[in-house]
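Structure first, commentary second.
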Amino acid sequence: MNGLSKGTGKVEIALRWDPGPAGEPPVDLDLVAGTYAADAPYGDPSYVVHFDSRSPDGTIYLNRDSTDGKGFGFDEVMTLELERLDARYGRVVVGVAIQQRAEDRTFADVTNPGLRIREGYTDLATDDFTGVLGATAATVAEFVRDETGAWEFRAGVHGFEDDPATFTRAMGAPRRS
């Protein structure tokens, strides 16, 4: 990164999927963001943003929340205004969890899932979850503040086999190679 770069600023994370077959319970994917203190980047999250919530300072919020994938284009959208996030936070991890209702579901059970991470009009990453078909949840983005205060985006989809409540506690752990 050169001296003129401000790093990653305002990011949109968008998720899409097609509704499940007729007569089946709806498929519900949820975007989840965990924010971690600069002095404890792999500890418990300072707070978690998910459906029906937003960050205390309003810098991370859901623009759109779908419970069934019915809609055109992207069904669930989260915005992260990293440039406004307080300096006490040094890491943000974003994930996708599949709501587990009547039966356990994995990404293999989701029709046509897709992910787009964008800053302005620039796509930073896209994915279709084929690398984590057996997972019930996945981290999809990590943003880390460097020593200058600029945010760095780290791409990668990493699967988990946890229920949504367990996932929000485990998603911030150091990645295993």
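The values are calculated or read from the model by the stated rules, or taken from the named source; none is laboratory data. Predicted, not measured: the structure shown is a model, and the values here were computed from it. Neighbour counts run over all protein chains shown; Cβ positions are idealised from the backbone, glycine included. With ligands, DNA and RNA removed, areas are computed over all heavy atoms of the protein, side chains included. Shrake-Rupley method; radii C 1.70, N 1.55, O 1.52, S 1.80 Å.
Of the numbered criteria (1) without any contact (Cβ under 8 Å) to a residue 24 or more places away in the chain; (2) under 17 Å from the mean Cα position of the chain (by Cα); (3) open to solvent by 80 Å² or more (accessible area, probe 1.4 Å), the one Asp128 fails is (3). When Val110 is tested against (1) under 24 Å from Tyr47 (Cβ atoms); (2) open to solvent by less than 50 Å² (accessible area, probe 1.4 Å); (3) among the hydrophobic types (A, V, I, L, M, F, W, C), exactly one condition is not met: (1). Per the listing Arg154, Arg169, the residue uniquely in a helix (DSSP H, G or I), among the charged types (D, E, K, R) and either over 21 Å from Ala102 (Cβ atoms) or free of Cβ contacts under 8 Å to residues at least 60 places away in the same chain (or both) is Arg169.
When Glu161, Glu119, Glu142, Glu76 are screened for being within 27 Å of Tyr42 (Cα to Cα) and open to solvent by 70 Å² or more (accessible area, probe 1.4 Å), only Glu161 passes. Of all the criteria given as (1) in a strand (DSSP E or B); (2) among the basic types (Lys, Arg); (3) buried (at least 18 other Cβ atoms within 10 Å of the Cβ), the one not satisfied by Arg105 is (1). What are the residues in segment 41-65 that are under 16 Å from Gly95 (Cα atoms) and open to solvent by less than 10 Å² (accessible area, probe 1.4 Å), if any? Result: Val49, Ser55, Ile60.
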